[in-house]
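Notes for the one structure printed next.
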Amino acid sequence: MRKIYNSRHILVTILLLGSLFLFVLNGSTRFSFLSGSHGKAFAQLIQGDASVKKMKMERVLTLEKRQPIYMRGETLVQIGELEANQPVAIEGEDEAYYSIRFGKTIAFIPKGHGTVDSMKLLVSTHVDQLVAVKTVQRTDVYERADKHSKRFLQIEEGFRYPVIQETDDWYVIKMGERPGYIAKQSVVPDEGLPVLVYHHILPSELMTTTASTVSLESFEQQISYLADQSFKTLTAEQLYDYLEGRLIVPSRAVVITFDDGLLSSKEYAYPILKQYGFQAMQHIISSRTDRAQGTQLFDANGPLQFLTAAEMADMRDVFQYEAHTHELHALEETEAGNVGIALGLSKERIMEDLQKNKEHLPSAITIAYPFGHYDEAFLEAAKETGLLIGFTTNEGYADRRASNYEVCRYGITEKKSFAQFVQYVNGEMEWE
């Protein structure tokens, strides 16, 4: 007897045959008619991930109970907790701690609560660090891209963590060579670090212009706000490590810079920064440091005064001294307007100047381009002179998406309101 097929039977048959055909042709095809966690698991199974492989690791730590994970700074700072029975590859050890890789950062787990053996691990071979995320609460990290999978570790609230991969719904971090998965809705993207730039500071009654100048009253209000909100100031080296994905920094972190090395920064900024335990960079025009000797009396009504070598030495507890050229900090008039005199010079000529600058500033790793003017020759000269970061006058945040030699800042003058300052340092300002 012939079988009679209705339209429903035919539709089911077509769907099944079509699915089998797609599976044979391409094992990485996702099946849209599969729904729920079973569908996702099946899709992941057939798709696979070339950057995740099972490999034998010689030294693998397995904890008997969950333990804190620390990052080394001035003190040990807790950045998370590793769950029990979640093996991770270790880099080394000392008397008290095992060291493991967290992205490109070395982190530490206390000894005495686990065993170390050789075993196979599902490890991530991915090395790129695309972006970072900020945690707004203690955040679960899963062993798979599935909230029903086991928790691998927890990371702390209030930090910026480097991310190695991203999907529609998940960020992927790497710890102890293993991938860990963070649900996107549990964190926020890291917009980048706020970098402030100051020049001249004067009490409001002594100000005759707002160009490149901020009042002492405004400066006090701004720095007091940073202290009240528990911001941490970063050094040049910490900024570089952050940009390279080697440092987990607090969400409330800021970089403070000064350009030109003006004496007013000693008179007014230094005591306030020291009071709050903050650090800042001073970008020095080295040809101007010998215009005076020893310690100067500050004259707010006279010509601009520049820090001497002796004054710089007295403030090393607050200021790091960075490059701002030796004698290329000047403008020349052209048909296109006033431009920095370094533009159009050869790489070799710029390097000669930067090397003189660094003779006065041997620990400098950053440069602030005079007036924010630079070209390809200047960038190459900075690189070959051994400088690691170039600061522009373009307004924005310092993040991994731009070159380390084109780092944005936010220029503070009396024209900027306190509300704008607060918006910027809290990562809420946007640019087109």
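Long hydrophobic helices in the chain: the complete DSSP H runs spanning 24 Å or more by Cα along their own axis with mean Kyte-Doolittle hydropathy of at least 1.0 are 7-25.
So if R0 is 22 Å, what FRET efficiency would Val127 and Lys232 give, r being the distance between their Cβ atoms, rounded to the nearest 0.05? Write out the running numbers ahead of the final one.
On the way: r = 28 Å, r/R0 = 1.27.
Efficiency, from the Cβ-Cβ distance: 0.20.
In what order do Thr385, Thr308 fall by count of nearby beta-carbon atoms within 10 Å, going from fewest to most? Mind dumping the intermediate values first?
On the way: Thr385 18, Thr308 21.
Ranked by crowding around the Cβ, least crowded first: Thr385, Thr308.
For Glu81, Glu95, Glu332, the sequence from fewest to most other C-beta atoms within 10 Å is Glu95, Glu332, Glu81.
Mind running the shape call on region 244-291? Use the C-alpha gyration tensor, a ≥ b ≥ c as the square roots of the eigenvalues: rounded below 1.5 for a/c, prolate if a/b tops b/c, oblate otherwise.
It is oblate, given that a/c is not under 1.5 and a/b is not larger than b/c.
Compute the separation of the alpha-carbon centres of region 173-189 and region 292-328 and state it in Å as a whole number. If we compute the Cα centre of each part, the gap is 45 Å.
Can you sort Trp170, Trp431 by how many other beta carbons sit within 10 Å, fewest first?
In order of increasing Cβ crowding within 10 Å: Trp431, Trp170.
Among 180-189, 119-128, what's the highest-first ranking by average C-beta atoms within 10 angstrom per residue? Could the numbers behind the result be given before it?
Values: 180-189: 17.4, 119-128: 14.6.
The densest-packed peptide leads the list: 180-189, 119-128.
Between Glu217 and Ser149, the simple label model (points 7 Å from Cα in the Cβ direction) yields a spacing of 5.8 nm. Take every DSSP beta bridge whose two residues both sit in the chain; close to 70 percent of them are antiparallel. In whole Å, how far is the Cα centre of region 357-418 from that of region 45-108? Between the Cα centres of region 357-418 and region 45-108 lies a distance of 35 Å.
Taking the Cα centre of region 87-180 as origin, sum charge times position over the Cβ atoms of Lys and Arg (+1) and Asp and Glu (-1), and report the length of that vector in debye to the nearest 20. Can you show the working numbers first?
Details: 13 positive and 15 negative charges, 27 e Å.
Value, rounded to 20: 120 debye.
If you average the alpha carbon positions of region 214-262 and of region 112-150, how far apart do those two centres end up, in angstrom? Centre-to-centre (Cα) distance: 30 Å.
With 0.36 nm allotted per residue and the present C-alpha distance subtracted, the Ser224-Arg291 stretch has 20.8 nm of extension available.
Values quoted throughout were computed directly from the atomic coordinates according to the rules given, and no laboratory measurement underlies them. Since this is a predicted model, take the numbers as computed values, not measurements. Reconstructed Cβ throughout: ideal geometry from the backbone, glycine too, with neighbour counts over all protein chains shown.
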